[in-house]
Amino acid sequence: ARCGSSQTPRCFCVWIVFCAAAMACVPGFSLNCERKNFSSPYMSEQNYVRFRAIWALIFVVHGLYDQYTSIFIDEPSQSIWYYFYLTHQSRLVQSLGQLTEWMCARSFFKGEIPLAWISKTTMFCFVVGQPISLLVAVGYWLMVWSDLEDGKLDVTYYTVYNHGINGLLLFISFMISRMPYSCSNGGWVILAGILYLGFSLMQFLFRWGSFEPCEGYEDQRDCPIYEQFDWHKPLRTALFALIAVAIGFVVILLYSGLAALRNCCTSGQTASGEVAELQKEDMEDIHNVTEPLNKPDKAAATAWPLRVSREV
């Protein structure tokens, strides 16, 4: 039966295609740090450095201000628990990635080679920060949607920024850059997810709890970070953990597809500044080749009158 007919539901066909793609995608841990990764097909190297500086400034300033107001002004009792949440951990990764990506682009523009740990950190933050921003945004709004409908949640600018605007900025950065994304480096996303699950388990075992009371537990030390990952209910939490790992494979395929689409649309396209630089290098090469041909041979010029005088 053909795909879409009553005998073969369309969702089943989509599942088969996804399974085939997932089987072909074996997540790896590559961190490719070639120079071309830190450039854009839409702008010159100098303008790209400026773009990276603006993006780094946006992320760093927003991150520092949110940490200061959340910990010292709005909820001083939050303290170290501020960093327990995936939203804030992911934003730290995103801010670090934007800062180091600017440093790498600046170094290459100046003709220098960035330190290996800086370029590796940039690639790691890019590979992990991009899909995590999407998962954080989608997951957050799904979890609080009922509270929004009941009017129990106040939406502020930072609520929207942390769960939407920063993801949009990262997506813009992704689409105008040449940073690679494929199954070969998607393993870092799965590893990051497993580490966070391990962190939530440690939070349960050591009873780190929460900075505020939670429903269902009298002692705050028993409160989970997220209700979905409450290890007091191991079977349900294990199910959510498996779903989270499966979603990790989905976002790896999604961003690999977006990278392939981006590269396909920009193949053969070169920024105007790069074209000028290439033309300059070509002219220098032509000049170096033709200069010896047009240059008079001084030895031959001086030897000819001597030969004539001897013959006379």
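Per-structure values
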{"read-out": "Solvent exposure of the range 18-89 as accessible area per residue, Å², 1.4 Å probe", "value": "54"}
{"read-out": "Per residue value of the accessible surface for the range 180-250 (all protein chains in place, 1.4 Å probe), Å²", "value": "58"}
{"read-out": "Prolate/oblate/rounded label for the range 133-230 (Cα gyration tensor, a/c 1.5)", "value": "oblate"}
{"read-out": "Whole-percent carbon and sulfur share, accessible surface of the range 72-120, 1.4 Å", "value": "69"}
{"read-out": "Global form of the range 14-163, assessed from the alpha-carbon gyration tensor, a/c cut-off 1.5", "value": "oblate"}
{"read-out": "Carbon/sulfur fraction of accessible area - the range 218-265, other protein chains in place, 1.4 Å, %", "value": "71"}
{"read-out": "Low-density loop positions, chymotrypsin sites (Phe, Trp or Tyr not before Pro), the range 163-222 - DSSP coil, at most 14 other Cβ in 10 Å", "value": "PHE206"}
{"read-out": "Shape category assigned to the range 27-67 from the gyration tensor of Cα positions, a/c cut at 1.5", "value": "oblate"}
{"read-out": "In Hz, Karplus ³J(HN,Hα) per residue of the range 88-100 (6.51, -1.76, 1.60; θ = phi - 60°; x = Gly, Pro)", "value": "6, 5, 5, 5, 4, 5, 5, 5, 4, x, 5, 5, 6"}
{"read-out": "Neighbour cut-off at most 13 other Cβ (10 Å), DSSP loop, trypsin sites (Lys or Arg not before Pro), the range 62-115", "value": "LYS110"}
{"read-out": "Candidates per trypsin sites (Lys or Arg not before Pro) in the range 126-223, loop by DSSP, up to 13 other Cβ within 10 Å", "value": "LYS152, ARG207"}
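The values are calculated or read from the model by the stated rules, or taken from the named source; none is laboratory data. Since we're looking at a predicted model, the values are computed, not measured. Don't worry about glycine lacking a Cβ; one is built from the backbone with ideal geometry, like all the others, and counts go over all protein chains shown. These accessible areas exclude ligands, DNA and RNA; they are computed on the full protein's heavy atoms, side chains included. Shrake-Rupley method; radii C 1.70, N 1.55, O 1.52, S 1.80 Å.
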